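Read through the structure below, which is laid out as structure tokens, and then see the notes.
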Amino acid sequence: MSKVNEAALRKRISTASLLKMKEKGEKFSSLTAYDASFAKLFDEQGVQVLLVGDSLGNVIQGKDDTLGVTIEELAYHTRCVRAASQSALLVTDMPFMSYATPQQACENAATLMRAGAQMVKLEGGEWLCDTIKTLVERSVPVCAHIGLMPQSVHLMGGYKVQGKTVEDAERILREAKALEAAGAQLLVIECVSQKVAKAVTQALRIPVIGIGAGPDTDGQVLVMHDLFGISAGHIPKFSKNFLIETGDMQSAVSRFVTDVAEGRFPAAEHSFD
């Protein structure tokens, strides 16, 4: 059966689906998507989670960081992706300063959910717990994001690997547990030591999605432009150009999905000690 026909027969992925995969030790894949055409391609190749990321500030708008992306822009791209996504779980980033207070978070999350998001993603540690509780109480599913947080790039002093000291590793694990307890149903962990990511993944019941976090997380996410090797700027160590290996976009995405599922990606060269 073709990938296209398989996609038509698949039920839409939910957080419950991902939780069952974690319990079975099955790994899942995620890609950023910003329009209908690529959303359709990724969905047909079996990508389980599509993320409408504020990374569009970098790869679509050509900016140095993600801070200028607005809620209106993310809502627009969410509508585009949702129009062509049949099976994948659709997660949308909440942009910089759109969730500074619980009330603000509710208002902006409502905008994204009405645009077609099935879950919103927020960057931050324990300070977000009250906001997450408020959102979940109001039926907004939440994906938390810790480790390297691009919206905090200036506060962190650049794009640096996190969790390299004992104290920092303990902080990240503490934050992960607190965010899960607050009601987060997924967790993204970015650019951290492989050992830290493994400890977090084992400690949490909810699925953990890694990016630059080694091979032991439950899922893996990449920015689509990095997967195709077409990012205008720096290609991060944790990424891989699957297009150069396969020669066409469909095969590149299929290889990514398969390599994640079978534990071949990420390899040691894509991870941090």
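By the count of neighbouring beta-carbon atoms within 10 Å, fewest first, 224, 21 end up ordered 21, 224. Residues whose amide H falls under 5 Å from that of residue 92, counting only those 5 or more places apart or on a different chain, are 52, 118, 119, 120, 121, with hydrogens built in the peptide plane. Would you mind pulling out the separation of the Cα centroids of region 199-255 and region 75-112, in Å? Going from one Cα centre to the other spans 22 Å.
Around the amide H of residue 188, modelled in the peptide plane, lie the amide H atoms of 144, 145, 146, 209, all under 5 Å away and 5 or more residues distant in sequence or on another chain.
Taking θ as phi - 60° and the Karplus parameters 6.51, -1.76 and 1.60, the scalar couplings of region 47-62 work out to 5, 7, 10, 10, 10, 7, x, 6, 4, 4, x, 7, 8, 9, 8, x Hz in sequence order, x denoting glycine and proline.
The alpha carbons of region 199-273 occupy a box of 38, 24, 19 Å along the principal axes, longest dimension given first. Magnitude of the charge dipole for region 3-270, about its Cα centre and with charges confined to Cβ atoms of Lys, Arg (+1) and Asp, Glu (-1), is about 620 debye. In terms of its C-alpha gyration tensor, region 19-66 has an oblate overall shape, because the principal axis ratio a/c (a ≥ b ≥ c, square roots of the eigenvalues) is not below 1.5 and a/b does not outweigh b/c. Derived scalar couplings between HN and Hα for region 235-248 equal 8, x, 4, 7, 9, 8, 7, 7, 5, 5, 7, 10, x, 8 Hz in order, rounded to whole Hz, by the Karplus curve 6.51 cos²θ - 1.76 cosθ + 1.60 (θ = phi - 60°), x for Gly and Pro.
Remark on the chain: hydrodynamic radius 18.3 angstrom, per the Kirkwood mean of 1/r across alpha carbon pairs. Neighbour counts of other Cβ atoms within 10 Å put 180, 262, 126 in the fewest-to-most order 262, 126, 180. Full extension of the chain between residue 110 and residue 166 gives 16.3 nm of extra length, using 0.36 nm per residue less the Cα-Cα distance. Ordering 189, 172, 230 from the fewest to the most neighbouring beta carbons within 10 Å gives 230, 172, 189. A simple rule links phi to the HN-Hα coupling: the Karplus curve 6.51 cos²θ - 1.76 cosθ + 1.60 with θ = phi - 60°, which for region 124-132 gives x, x, 4, 4, 7, 4, 4, 5, 5 Hz, with x for Gly and Pro.
Among the listed pairs 24/240; 24/237; 177/198, those whose Cα-Cα separation exceeds 21 Å are 24/240; 24/237.
No lab work stands behind these numbers, since they all come straight from the coordinates. Just so it is clear, the structure is predicted and the values come from calculations on it, not from any experiment. Every residue, glycine among them, receives a Cβ derived from its backbone with ideal geometry; neighbour counts consider all protein chains shown.
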